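The values are calculated or read from the model by the stated rules, or taken from the named source; none is laboratory data. Note that this is a predicted model, so its numbers are computed, not measured. Heads up, the Cβs are rebuilt from the backbone with ideal geometry, glycines too, and the neighbour counts pull from every protein chain shown. The protein model used for the area step is the full one, side chains on, heavy atoms only, and it has no ligands, DNA or RNA in it. Shrake-Rupley method; radii C 1.70, N 1.55, O 1.52, S 1.80 Å.
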Amino acid sequence: LSIVPCSVLSGIPAIILGALSLGPISRSRNRLKGKGLAITGIVMGCVSCLLLPIIGIGLLLPATSKVREAAARMSSANNLKQMTIAMHAYNDVTGALPLAAICDKDSKRLLSWRVAILPYVEQNALYQQFKLDEPWDGPNNSKLISQMPKVYALPNDTAATPGSTYYRVFVGRGAAFDWCKGAKLFEDFKDGTSNTILIAEAATAVPWTKPDELDFD
């Protein structure tokens with residue numbers, strides 16, 4: 001940041017001194033030397049005042065971008081932490097982790113696990129608005145997609161459509177979640193919880209209420 005004031009403070013005197021020198025040199029009818037040096041001083045002063053700040057700002061942009069990226073990563077990690085705490089709270093209350101989907105009696109997938117843990121991410125009022133026997137895109141539940149909690153939003157992302165999230169889970173044999181039957185306990189993680197992926201930041205986003213997760217083979 002100091003490059004801008006320093007370049008201006010050094011450039012302005014060079015412009016002033018160069019301009020002041022040109023007058024006497026011109027009036028002396030070539031008796032005084034240094035016209036080229038004076039012009040050079042003016043030019044270099046202008047470069048210092050105009051070009052160097054631009055260069056300085058250009059050098060700062062990558063650093064600023066890295067700072068913003070690091071802040072976004074920390075914010076995303078905090079989102080994952082809140083969801084993990086919610087999973088633990090759900091487990092404490094119900095005796096097991098949520099399934100990957102809220103399903104009906106015929107094992108039809110209706111809503112995502114993200115809806116199931118709403119009361120545990122301080123969104124109980126939103127949870128109460130859902131019809132748990134209706135699909136995510138049904139008449140009532142589709143109206144709630146736009147109310148996605150901030151904890152499900154990837155920080156600084158502008159690519160995903162509103163109401164979409166990248167936070168998804170793996171489903172399948174050996175993964176932490178199954179679709180409609182066989183809710184897992186933390187004791188079921190044979191490799192230990194520190195070696196098991198609970199929630200992932202996926203490459204593609206999906207509507208946050210939709211039971212669309214990552215199949216694990």
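Please give the direction-averaged projected area of the C-alpha convex hull for the range 124-205, in square nanometres with one decimal. Don't skip to the end; give the middle numbers.
Values: hull surface 28.3 nm².
Computing the convex hull of the Cα atoms and averaging its projections yields 7.1 nm².
The accessible area of Tyr90, taken with all protein chains in place and a 1.4 Å probe, comes to roughly 50 Å².
Put simply, the C-alpha atoms of the range 63-137 give a gyration tensor, and the ellipsoid matching it has half-axes of 30, 15, 11 Å, longest first.
Quote the charge dipole size of the range 79-217 about the Cα centre in Debye, to the nearest 20; the model charges only the Cβ of Lys and Arg (+1) and of Asp and Glu (-1). The dipole of the range 79-217 has a size of about 200 debye.
Listed by chain and number, the lysines whose C-alpha is less than 19 Å from the C-alpha of Lys210, apart from same-chain residues fewer than 8 away, are Lys105, Lys108, Lys131, Lys143, Lys150, Lys181.
Split the accessible area of the range 124-217 by element, probe 1.4 Å, and carbon with sulfur accounts for 50%. Summed over the residues of the range 139-209 and divided among them, the accessible surface reaches 55 Å² per residue at a probe radius of 1.4 Å.
Keeping all protein chains in position, work out how much accessible area Leu99 exposes to a 1.4 Å probe, and write it in Å² to the nearest 10. Spelled out: Leu99, probe radius 1.4 Å, area about 40 Å². A Cβ-based charge dipole, computed about the Cα centre of the range 67-106 with Lys and Arg at +1 and Asp and Glu at -1, lands at about 260 debye. Along its principal axes, the range 66-187 has C-alpha extents of 48, 39, 26 angstrom, given from the largest down. Under Stokes-Einstein, with the Kirkwood radius over Cα pairs as Rh, the value for the range 171-217 at 20 °C and 1.002 mPa s is 179 µm²/s.
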